[in-house]
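Participant: Quick one: structure below, then a few questions.
Please treat every number below as a calculation from the coordinates, not as lab data. Note that this is a predicted model, so its numbers are computed, not measured. Cβ atoms come from the backbone with ideal geometry, glycine included; neighbour counts cover every protein chain shown.
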Amino acid sequence: IAVVGGLLLSSAAKFNERYGSMRPIARMRPVVLFVLGRIASYTLLGGLLGVIGGILTPSPFVTALITIIAAVYMLVMGLEMLHIAPAWLKKMMPRMPKRLSHRIMDAEGKEHPMTPFALGAATFFLPCGFTQALQLYALTTGSFVTCAAMLLAFALGTAPALLALGYASSSLRGKAG
């Protein structure tokens, strides 16, 4: 929610501004498209990461190193979410290149009805500690099916919260919204 929630909400708002309807179910269309884009890309690209890992065939040492890096990264992200990470540690965290983030934000304003799906799919590349930890781990398995299933499960696990956020934003008005 912290990483993709704002993108989801602004994308849904722009979509509903152009194609919207007063019916609550119709206002959920961009939210559902966004979540389906996430599920599709996480499954397919997760599987591709497994294939890449299989081609690279990391040694047990490299696999252990990647697993440790992923664990440390998740720990640092957790500290940052709790606002107790030191400033020097925050500076070491990778950030999305500004050029890429500007392209994603520019795509938000496009008028194609499938833009929410594409934006949801693009969230695979956003710098989220939990996602990146899974992506690193996916490289160590070497299996398309295993990685696709693992990242599919992750995307499905985030779907209820994103759908609830989208529903709340499209249904609640005034101070409740």
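Participant: Using r as the Cβ-Cβ distance of Thr67 and Leu36, and R0 as 41 Å, what FRET efficiency do you calculate, to the nearest 0.05?
Facilitator: According to the calculation, E is roughly 0.85.
Participant: Just to be sure I understand the model, the point goes 7 Å from the Cα along the line to the Cβ. What's the resulting Met81 to Ala164 distance in nm?
Facilitator: 1.4 nm
Participant: Give the shape of the stretch 1-92 as rounded, prolate or oblate, defined through the alpha-carbon gyration tensor: a ≥ b ≥ c are the square roots of its eigenvalues, a/c under 1.5 means rounded, and otherwise the shape is prolate if a/b is larger than b/c and oblate if not.
Facilitator: Oblate, because a/c is 1.5 or more while a/b does not exceed b/c.
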